[in-house]
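To start, the structure under review is shown below, and the notes come after it.
The values are calculated or read from the model by the stated rules, or taken from the named source; none is laboratory data. Everything numeric in this text was worked out from a predicted model, so none of it was measured. With ligands, DNA and RNA removed, areas are computed over all heavy atoms of the protein, side chains included. Shrake-Rupley method; radii C 1.70, N 1.55, O 1.52, S 1.80 Å.
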Amino acid sequence: MGDSVASPLVWAITIVVLVAVLAVDLLVIARRPHEPTMREVSRHLAVFVGMAIIFGVVLWMFAEPHDLSPKPGPEFFAGWLTEYSLSVDNLFIFIILMTKFGVPRQYQQTALMIGIVLALVMRAAFIIVGAAAINQFSWVFYIFGLFLVYTAMKLAGEGQHDDTEEFEENKLVKFAETHLPATSEWHGTKLTIKEGGKRLITPMFLVVLALGTTDLLFALDSIPAIYGLTKDPYLVFTANMFALMGLRQLYFLIGGLLQRLIYLSYGLAFLLAFIGVKLVLHAMHENELPFINGGEHITWAPDIPIWFSLIVIVGTLAVTAVVSLAATRKQDARG
């Protein structure tokens, strides 16, 4: 078996296709900033989801098992579903950011698209660093696993989403607001303008900065989570790519529905905890740390199979959605 599902040629083709899709998307939005219709976002989202499903099916049917990905198809679907569910949770923060900055509806597409491009770039960097760490140090799975368990407990503690009042801008955005010369007026989708011979940042600049830094924090959760499902950087990258490509459409399509997914945090907390435990068990199985079991592999520690992980992911998301919608329906009936 080889080292990865993808050859250098496949990597190159994937990146070229990704850049082409993003370029077309950016050009369309830049030429006509507008608030998209439900038909438009539904059509585009269906295309992106369909592409992801076709890609996964092709992997399932034709990709050969490799050292880093014994079951490429199931691993991709598990990773894609996990990243997509984490992305849905991230939409809560995006909605809050748009509200806080008062972004006009016709400019929100542009802000989201720039944020998504920044997210892809940053996640690509995290994927490279993660792959290098995994190749050199098997004990990194202990760190990833414990970090995910900690994140899961923190997410569960936050409970149902009511973030609007508690949300605070990060320090970088606050610094830009207080130290950089700025205008409070919107100038289309421009990030900066020149006024009186002086370069000023616009509110769009602050929105993009907030989205970019928020995406960086999201990557800290999502990359360790997906490395708990596959060790192949190509599958990690493509799962993230497909999850992020449909995020803009999802923002406009289910903005109202998000408020009804009141137990989403609990579902995601369970998923992150499950993947965290899976990573720790894998680290124990491959253990090389001298102060744990004398540096020997812990043979009784099971490696949770990918088919079981896929069942847990799909089942958790389904139960979370059904229970959330049932609970909000009861609340509507009472109120």
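Summary of computed values
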{"item": "Cα gyration tensor shape of the stretch 73-219, rounded if a/c is under 1.5, else prolate or oblate by comparing a/b with b/c", "result": "prolate"}
{"item": "Relative contact order of the chain, defined on C-alpha pairs under 8 angstrom at six or more residues apart (%)", "result": "28 percent"}
{"item": "Sequence-distant residues sharing a close amide H with residue 182 (under 5 Å, placed H)", "result": "201"}
{"item": "Most fluctuating residue given options 94, 270, 62, as computed from a GNM of the chain linking Cα atoms under 10 Å", "result": "62"}
{"item": "Residue-by-residue Karplus 3J(HN,Hα) for the stretch 103-111, coefficients 6.51, -1.76, 1.60, Hz, glycine and proline x", "result": "5, x, 4, 6, 9, 5, 4, 4, 4"}
{"item": "Cα-based Rg and Dmax for the chain, where Dmax is the largest Cα-Cα distance (Å)", "result": "21.1, 71"}
{"item": "Computed over the stretch 110-231: relative contact order in percent, which uses C-alpha pairs under 8 Å that are six or more apart", "result": "40 percent"}
{"item": "The stretch 223-253-the stretch 37-110 distance, computed between alpha-carbon centres (Å)", "result": "6 Å"}
{"item": "Among the listed pairs 174/194; 100/198; 71/231; 154/231, those beyond 18 Å (Cα-Cα)", "result": "174/194; 100/198; 154/231"}
{"item": "With every protein chain in place, the chain: carbon and sulfur % of accessible area (1.4 Å)", "result": "67 percent"}
